[in-house]
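Below is one structure, written out as structure tokens; comments come after it.
The values are calculated or read from the model by the stated rules, or taken from the named source; none is laboratory data. Model, not experiment: these values are computed from the prediction. Here the Cβ is made from the backbone with ideal geometry for all residues, glycine too, and neighbour counts use every protein chain on show.
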Amino acid sequence: MVKTLFLILNFDYMVYIVPGIVLATVFISSFVSGINIILDRDKGFLIGSLATPAPEGLILTGKVIGSSLIALLQGIIVAMALIPTVPEARLEGLIGVFIASLTSATFFGSLAQLIALRLKNIESFYLITSSLILPFLLLSGAFIPLSILPFEVKVVTYLNPLTYAVDVTRYFMINYVDIGIFLDLLVLVTSSLLSLFLLLKYFKEDRILER
């Protein structure tokens with residue numbers, strides 16, 4: 001159905017989904033990174049890190065930044081591999097990949113670690129994240145244009161930070177935008193900073209209660 005619509009509009013579907021594929025890579029990588037917190041906690045590495053003179057918030061921020069940079073690198077690699085296959089794609093698209101990947105990876109990395117801190121084992125983390133990955137992807141405009149979605153679904157899509165990351169990448173790569181570049185950037189920066197703040201706040205309060 002979607003491909004038929006693009007044929008009617010005389011627009012190549014492959015061109016449309018390339019930015020979505022790039023951001024899907026970044027999203028999945030950052031969202032599963034929370035498992036590292038559980039592994040570090042189970043093996044005692046987290047307690048050892050917290051025993052150092054470094055501020056606790058700095059340690060957690062470093063973990064988020066580390067996972068975000070890994071996701072960013074993966075996104076850039078995928079983008080560089082796909083851009084030559086799409087004549088309409090612009091090399092400047094890497095700017096969009098950088099901005100969207102870093103901000104969205106910070107948001108989803110912080111969210112993943114927040115979820116991980118609440119859980120006791122890896123199985124629970126996989127159960128929750130695997131249940132959320134597909135809805136986040138399908139409700140982001142990565143593979144289906146927002147314009148053809150029902151109003152109710154579109155409202156939910158606008159609540160998803162990944163939607164704005166995909167829109168930024170698509171704007172820089174193929175000069176196509178669904179929402180608006182300035183609103184996209186505002187939402188991405190705000191959501192990433194807010195998620196990191198909530199993660200650090202919860203972690204600090206949780207540590208106080210443990211004491």
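Return the residue satisfying two criteria in turn: it lies in region 175-211 and is of a type in the set (V, I, T) and either in contact with a helix residue (DSSP H, G or I) (Cβ under 8 Å, 6 or more places away or on another chain) or modelled with pLDDT under 90 (or both), and of such residues it is surrounded by the fewest Cβ atoms within 10 Å (Cβ to Cβ).
Taking the candidates together, the pick is I208.
Here is a check on your reading of the model: is L146 hydrophobic (A, V, I, L, M, F, W, C), over 23 Å from G66 (Cβ atoms), under 17 Å from the mean Cα position of the chain (by Cα) and surrounded by fewer than 23 Cβ atoms within 10 Å (Cβ to Cβ)? Can you show your working first?
Numbers: hydrophobic (A, V, I, L, M, F, W, C): yes; over 23 Å from G66 (Cβ atoms): yes; under 17 Å from the mean Cα position of the chain (by Cα): no; surrounded by fewer than 23 Cβ atoms within 10 Å (Cβ to Cβ): yes.
No: the conditions fail for L146.
So for region 133-147 (the condition being touching a residue at least 12 places away in the same chain (Cβ under 8 Å), within 21 Å of S195 (Cβ to Cβ), polar (S, T, N, Q) and part of a helix (DSSP H, G or I)), does at least one residue qualify? Steps first, please.
At the first step, the residues of region 133-147 found to be touching a residue at least 12 places away in the same chain (Cβ under 8 Å) are 133, 136-137, 139-147.
Pick out the ones that are also within 21 Å of S195 (Cβ to Cβ) and you get 133, 136-137, 139-142.
So of that shortlist, the ones also polar (S, T, N, Q) come out as 140.
Then keep just the ones that are part of a helix (DSSP H, G or I); that gives none.
Taking every residue of region 133-147 in turn, none turns out to be touching a residue at least 12 places away in the same chain (Cβ under 8 Å), within 21 Å of S195 (Cβ to Cβ), polar (S, T, N, Q) and part of a helix (DSSP H, G or I).
Taking region 158-179 on its own, how many of its residues are over 14 Å from V18 (Cα atoms), outside any helix (DSSP H, G or I) and touching a residue at least 12 places away in the same chain (Cβ under 8 Å)?
So the answer is 3.
Is region 5-18 home to any residue that is modelled with pLDDT of 85 or more, surrounded by 13 or more Cβ atoms within 10 Å (Cβ to Cβ), under 29 Å from D167 (Cβ atoms) and among the hydrophobic types (A, V, I, L, M, F, W, C)? Reasoning before the result, please.
Going residue by residue through region 5-18, those that are modelled with pLDDT of 85 or more are 17-18.
This time we only want the ones that are surrounded by 13 or more Cβ atoms within 10 Å (Cβ to Cβ), so: 17-18.
Okay, now just the ones that are also under 29 Å from D167 (Cβ atoms), so 17-18.
Subset that is among the hydrophobic types (A, V, I, L, M, F, W, C): 17-18.
Yes, region 5-18 has at least one match.
Any chance region 154-174 includes a residue that's exposed (fewer than 13 other Cβ atoms within 10 Å of the Cβ) and under 30 Å from R41 (Cα atoms)?
Looking for residues that are exposed (fewer than 13 other Cβ atoms within 10 Å of the Cβ) and under 30 Å from R41 (Cα atoms), one finds none in region 154-174, hence no.
Is it the case, given these coordinates, that S124 is under 13 Å from the mean Cα position of the chain (by Cα) and under 30 Å from R41 (Cβ atoms)?
When the stated conditions are applied, S124 does not pass them.
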